[in-house]
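Working notes, beginning with the structure itself.
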Ligand SMILES: Nc1nc2c(c(=O)[nH]1)N[C@H]1C(S)=C(S)[C@@H](COP(=O)(O)OP(=O)(O)OC[C@H]3O[C@@H](n4cnc5c(=O)[nH]c(N)nc54)[C@H](O)[C@@H]3O)O[C@H]1N2
Ligand SMILES: Nc1nc2c(c(=O)[nH]1)N[C@H]1C(S)=C(S)[C@@H](COP(=O)(O)OP(=O)(O)OC[C@H]3O[C@@H](n4cnc5c(=O)[nH]c(N)nc54)[C@H](O)[C@@H]3O)O[C@H]1N2
Ligand code: SF4
Ligand SMILES: [Mo]
């Protein structure tokens, strides 16, 4: 991207005074001193968009990390967080050596140990679990690339239970819903074709604060070329401020709006008749189903004027099929989330946008073979049948279910590996659940870079080196242009830290399972894989990013009769699979719980400077945003007697209180809600910047709504009130 284009983005998305700078640095980069500058390819690990970049050093000292110009994830530019990647490497509070929990002087503490001692301890406990309970009783929680290595090691041992919080606490409902409707999920990066959209509908997706790099850039491009933006959000988000229509919906009532939109599209004959006739099944049932849900009905639920519901439906239809009703990403909200995401999928089908320019494109990845290694044994049992049998449509691990089945003497799971996920702050009400699981488990190994809260519950803490100090698997994501990107070490691992591949191989060898890791070094694996697709590690060390040709079409091919991967082979407006398991085959509206007197909806989200809790202690990002604040509407603030900048604590109806947090009085939130950025309120004392600053939303969640289709945790049904910090005993 050249400087002019960047300025356009800034103008489109960044001009408003309240808007933080979205993309890091400035186009004219500072010149280095007189030293020797070297660069090595990397893939950013500050969030999961996985932008490729280059780490530059001057005379062997870290200088800066910048985006790769040929990378579709970043178009040459890293975001605020990615630009601060060096902060993760230099953080003085990083874990430095393996730690073992020991009983000493009547209490428990962690003792630094050698890798050998840590591995021996882990192998001994795992063997004991295997002998006493079975080798299928280990579970893996992971949110990051290195987790795959641990997964291989655990599969070799006989355990294949695995969950990541990006399913049941994040995008599981949309993947399930789109799978049921179109036979395929949305995936990551999201397969949205926003750059070509003429109308974009964001339902709670706060793109701009949710800073997934190229997604923000394509939204900016679409706006620049005149696309209409419709934002549905109870909060005046950054995206709302760029919108032609901001629908400040009553929290939790989106389904009513979605049904009313369908009602208008069908009754005013605005849907894509030809597309629906050709590709969809169940239209008749849908048309009858939505008759009851006209905009006047929806008004009573959502508080949105019938005229604006009609007007926005017509705007969507005018631009169709280049209308994208964005599927959202963190969509575990009110428990009916798969159904709400189904409604979004159906709306896209009515507009004919699935598989069409400006809607959703077909994804492809590089056909990259696995390194030859023995196949792991078949586990002794089917853990899904034990742990999540009530969700037959789900093949992915449901993290909260795995936790539930780790508590108590008779629990199925006896040991955990936790890789790069801070479960106490990631699962709603996580502290109590992780505490309970830790009491029952015979082994908990945590692999992290930082002394996060989860490490406090571990028997063994293994310090991973940061992404700038290691190889990982090649980035190979399903996307528009199949692309490989290489992450390689720019620095030697600091202290006694090591990469996950080394850790997994070391434990496997201690377990007598070394044959499953038939290589000395991960470079061997990467070089072998790359040679199978006509490249090599040496080439990728120079290129960083390599694009590959597509095999199939980017959009639906109008000339070919198509079979979708659903039972009927069609886009299922009426879901036969949901009907089969006794769930609503057509989405139905359930009114959400309302806050008790004196309480507010607890709304939360992202800020451009941080990723969840993982970046708060990053010295560069902490400086940009050292604490969160609780947004309160002026009317609510007046009633509560609190003012801008006052410290308060949030308290839920069960009496749980947060850390103290500052009030931000603003018109940008509805009077019935408060809003805060997730990730603050760390309690581990070893994170010296992050500890004690701001409040944590996860600890306040008391009314978690499980999704009956996919088991995820609906996290938006909790309520809080504000207690002045001075009044707290
Ligand atoms: N209350 C609440 N809960 C939420 C959300 C919310 O908004 N509010 N959001 C949900 C969503 S959308 C998601 S995707 C999940 C995210 O959930 P998590 O991924 O669990 O989020 P973090 O809290 O950032 O925890 C990441 C952990 O990984 C460690 N880490 C970072 N880099 C590395 C590395 O290179 N190697 C290793 N080994 N460890 C590393 C960090 O130190 C930290 O302990 O949370 C979900 N839970
Ligand atoms: N900077 C930054 N960017 C990130 C991340 C990060 O940690 N930091 N995390 C990434 C990840 S893993 C994810 S999953 C995404 C999450 O980002 P998104 O999927 O975009 O957002 P959500 O967290 O689902 O929703 C937040 C928005 O929903 C609004 N909202 C709250 N309640 C309702 C409601 O009832 N109805 C409607 N319509 N809106 C409501 C809030 O006001 C807020 O604007 O962000 C990604 N991008
Ligand atoms: S969006 Fe930002 S933090 Fe995420 S991978 Fe890209 S540069 Fe890194
Ligand atoms: Mo997420």
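Quick check: the angle from helix 172-182's long axis to the longest principal axis of the chain, C-alpha only, nearest 10 degrees?
The angle comes out near 50 degrees.
What ranking do 136-143, 196-203 get when scored by the average of other Cβ atoms within 10 Å per residue, highest first? Numbers along the way, then the final one.
Details: 136-143: 26.2, 196-203: 24.1.
The packing order, highest mean first, is 136-143, 196-203.
Starting from the Cα of residue 287, step 7 Å toward the Cβ, then list every residue of the range 257-278 with an amide N under 16 Å from that point.
Hits in the range 257-278 for residue 287 at 16 Å: 262-278.
Which order do the peptides 600-607, 244-251 come out in when sorted by mean C-beta neighbours inside 10 angstrom, highest first?
Details: 600-607: 22.2, 244-251: 19.4.
The most tightly packed comes first, giving 600-607, 244-251.
Can you give me the angle between helix 306-319 and the longest principal axis of the chain, using Cα atoms only, in degrees from 0 to 90, rounded to the nearest 10?
70
For residue 547 and residue 370, what is the calculated FRET efficiency with R₀ set at 25 Å and r taken between the beta-carbons, to the nearest 0.05?
Numbers: r = 22 Å, r/R0 = 0.87.
FRET efficiency, residue 547 to residue 370: 0.70.
Could you work out the helix-only [θ] at 222 nm for the chain, with each DSSP H run of four or more residues adding -39,500 (n - 2.57) and the total divided by the number of residues, to the nearest 500 deg cm²/dmol? Numbers along the way, then the final one.
Numbers: 24 runs with 211 residues, N = 729.
That comes out to -8000 deg cm²/dmol.
Order of 378, 705 from fewest to most other C-beta atoms within 10 Å?
Ranked by crowding around the Cβ, least crowded first: 378, 705.
Quick one: length gained pulling residue 644 to residue 48 fully straight, 0.36 nm per residue minus the C-alpha distance? Could the numbers behind the result be given before it?
Values: separation 596, 0.36 × 596 = 214.56 nm, distance 3.40 nm.
Taking residue 644 through residue 48 to full extension adds about 211.2 nm, to one decimal.
I'd like the antiparallel share, as a percent to the nearest 5, of DSSP beta bridges with both residues in the chain.
Values: 43 of 86 bridges.
Of all bridge pairs located within the chain, approximately 50 percent are antiparallel.
Computed FRET efficiency, Cβ-Cβ of residue 380 and residue 509, R0 30 Å: what is it to the nearest 0.05?
On the way: r = 23 Å, r/R0 = 0.76.
The computed FRET efficiency comes out at 0.85.
Below 8 Å, C-alpha to C-alpha, sequence gap of six or more: please give me the relative contact order for the range 600-724 in percent.
Values: 273 pairs, mean separation 42.4, N = 125.
Value for the range 600-724: 34 percent.
Provide the gained length on full extension for the span residue 274 to residue 523, in nm with one decimal, where the gain is 0.36 nm per separating residue minus the Cα-Cα distance. Intermediate results must be reported in sequence, preceding the final value.
On the way: separation 249, 0.36 × 249 = 89.64 nm, distance 5.19 nm.
This chain segment gains 84.4 nm when fully extended.
Give, as ranges by residue number, the residues of the range 428-454 whose backbone N falls under 11 Å from the point 7 Å along Cα→Cβ of residue 124.
Nothing falls inside the zone, counting backbone N under 11 Å.
Send over the per residue convex hull volume for the range 85-162, Cα only, as a whole number of Å³. List each step's numbers first, then the result.
Details: hull volume 10.7 nm³, N = 78.
It is 137 Å³ per residue.
With labels modelled as points extended 7 Å from the Cα through the Cβ direction, what inter-label distance (nm, one decimal) is found for residue 133 paired with residue 593?
Distance between label points: 3.1 nm.
Can you give the angle from 0 to 90° between the axis of helix 522-532 and the longest principal axis of the chain, with both taken from C-alpha atoms, to the nearest 10?
50
Using only the Cα atoms, what convex hull volume per residue in Å³ does the range 600-724 have? Let's see the in-between values first.
On the way: hull volume 14.7 nm³, N = 125.
Expressed per residue, the convex hull around the Cα atoms of the range 600-724 is 118 Å³.
Going by how many other beta carbons lie within 10 Å of each one, how would you line up 442, 492, fewest first? Please list the in-between numbers first.
Values: 442 17, 492 8.
Going from sparsest to densest Cβ surroundings: 492, 442.
How much of the DSSP bridge set in the range 600-724 is antiparallel, in percent, rounded to the nearest 5?
Working: 13 of 23 bridges.
Of the beta bridges lying entirely in the range 600-724, close to 55 percent run antiparallel.
Only Cα pairs under 8 Å and at least 6 apart count here; give the relative contact order of the chain as a rounded whole percent. Spell out each step's value before the answer.
Working: 1624 pairs, mean separation 133.4, N = 729.
So the answer I get is 18 percent.
If contacts are Cα pairs under 8 angstrom and at least 6 residues apart, what is the relative contact order of the range 133-239 in percent?
Values: 102 pairs, mean separation 21.5, N = 107.
20 percent.
For the chain, would you read off the P(r) tail past 52 Å as a percentage of all alpha carbon pairs? Intermediate values should be presented prior to the final figure.
Values: 21453 of 265356 pairs.
Counting pairs separated by more than 52 Å, the tail of P(r) holds 8 percent.
Measuring from a point 7 Å past the Cα of residue 581 along Cα-to-C-beta, which residues in the range 321-335 have an amide N at less than 18 Å?
Flagged as within label range: 331-335.
Just so you know, all these numbers are worked out from the coordinates, no wet-lab data involved. This is a predicted model, so every value here is computed, not measured. Every residue, glycine as well, gets a Cβ built from its backbone with ideal geometry; the counts of neighbours run over all protein chains shown.
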